[in-house]
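Notes to accompany the following structure.
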Amino acid sequence: MTMVYRTTKRSYFSSLRLYAVLLLSPICVSPLVAQAQTSVDNARVDYTFKRGDTLIALASKYLRKRSDYVAVQRLNRITNPRFIPVGKIISIPFRLLKYRRSEANLAAFRGNVAIAADGQAIRPVQGLEIAEGSRLSTSAGSFLTLQLEDGSRISMPSNSKMRIMRLRHILLTDSVDYELAVDSGRMRSKVTPFDKKADRYRVRTPVAVSAVRGTDYRTRVDEATGTAFSETVEGAVDVAAGDSFEDGQAVAVPAGTGAAASVTGDIAKADLLSPPELVDPAKVQSEEILEFAVTPRPAAAGHRVIVSTDAGFVDIVAEQLSDDATISLPTIEDGRYFAKATAIGQDGFEGMPATYAFKRQLSTLSGSAGEGDFGFRFKWSGAGSGKRVYRFQLILGDENNIPIVDEAGLTQDVITLSDLPDGEYYWRVGVTQYSDDPEDQDVFQKWTDFEKLTVAG
């Protein structure tokens, strides 16, 4: 069920731009006490004075410019900056605080990934340090994942654009200040739970901004409508319309729910669909094209499958969105993989994920039969790496009968049988394939379907 909340109209909505703000909780640090507000421009931290502190000394150590103490003095109506009682709490604008550069690196990438900083293109290399101010984009069939200094991970799927707005470590609160902007497409944020209440993590879109204190959630910008979707998988967030929490009605978005902020000033909230069930998810994906079948549900308008080499979905190799219960993906290398499946609701929200492990081993097989100079010639072919050994069976009369020909251990791709009596025959060929990976001792077997052969004199 989808619920729509309409916020109070204000003059800044005349531009038809909407900002969804996720709340930053009040924060206390001893001996530092910090309170982060939802409005980025007005965000402040509170500092509790201790013995020996002066406003000027505090500015020298923690503010970007020593002279900024004047702005703090004026804001807090302090008469004497050299004498402030122990225990007094003062507010300091966040924008004045001194910081050191935080770190992010390119944990994994696939396909056509573009990175630029200071107007210069940078060649993507695993482990590359990504600085504040960088721009990143992915083309079709391309993916990247960033690892932040605190262990948080940012994943960008295909056809997405993002900017790194802030990557900072604030000295006053010993906290992180992260801000990213999704200009188009999608992004997943796996944010490490913060151990300091002054830590901040925000994601902006052209019409929304979100902030959390440790969660797993997705951000998406709808290309057609401009609506910004936030879908919470773990943890919880709050969403408000407007450019600050004070200007809008807050909507709680716990795990399993989503919120969509539109340009009209409305927030639609809905429960996310439960994880889909894959049909035989553990089967070996042996065909040229990978195929996943989902148990259909009326509530689902489509399904998405993402494939990664790891269970954390850092190294994503493929993804596909389908509007039915069958999802086909292009070929990938042999190996062990993880598939994450989600259902797309009729309301546009992407549902909760289900993760499955599977093996990919390319092993195709097809055959043909025909009459030759020396009898009937059966031939087969297929693709797949590693040693391949074949088995041929010929059955007279019915598929369930005992084979009259059962040849195993064949290394060639052809067999000729002469002097076959008249009758109806059924034949098939199987393959036993051994992986060329020394760490993979599994043996894979498959058969072609039975083919009918009629011999008549």
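The values are calculated or read from the model by the stated rules, or taken from the named source; none is laboratory data. A quick note: this is a predicted structure, and the numbers were derived from the prediction, not measured. Don't worry about glycine lacking a Cβ; one is built from the backbone with ideal geometry, like all the others, and counts go over all protein chains shown. Quick note on the areas: whole protein, heavy atoms, side chains included, nothing else; ligands and nucleic acids left out. Shrake-Rupley method; radii C 1.70, N 1.55, O 1.52, S 1.80 Å.
Of note:
- Enclosed volume per residue, in Å³, of the convex hull spanned by Cα atoms of the range 65-121: 159 Å³
- All Cα-Cα distances of the range 349-404, cut into 10 Å bins from zero to the largest, leave 15, 29, 26, 15, 10, 4, 1 percent in each bin in turn.
- Computed with a 1.4 Å probe over protein heavy atoms only, the accessible area of residue 215 comes to about 10 Å².
- Mean-position separation - Cα centroids, the range 65-92 and the range 381-451, in angstrom: 85 Å
- Between the range 45-63 and the range 332-371, the alpha-carbon center distance in angstrom: 58 Å
- Computed [θ] at 222 nm, helices only, for the chain once each DSSP H run of length n ≥ 4 contributes -39500 (n - 2.57): -1000 deg cm²/dmol
- Fraction of accessible area attributable to carbon and sulfur, the chain (%, probe 1.4 Å): 49 percent
- Selection of GluC sites (Glu not before Pro), the range 363-443, meeting DSSP coil and at most 15 other Cβ within 10 Å: 399, 439
- For the listed peptides 73-86, 347-360, a ranking on the average number of other beta carbons within 10 Å per residue, highest first, reads 347-360, 73-86.
- Accessible surface, per residue, of the chain when the full set of protein chains is kept, probe 1.4 Å, Å²: 48 Å²
- For the range 178-287, the normalised intensity computed at q = 0.14, 0.19 Å⁻¹ comes to -0.59, -0.97 (log10 of I(q)/I(0), Debye sum over alpha carbons, equal scatterers, no solvent).
- Measure of compaction for the chain (Cα Rg per 2.2 N^0.38 Å): 1.36
- Ordered from longest to shortest, the equivalent ellipsoid semi-axes for the range 310-457 are 41, 20, 12 Å, each the square root of 5 times a Cα gyration tensor eigenvalue.
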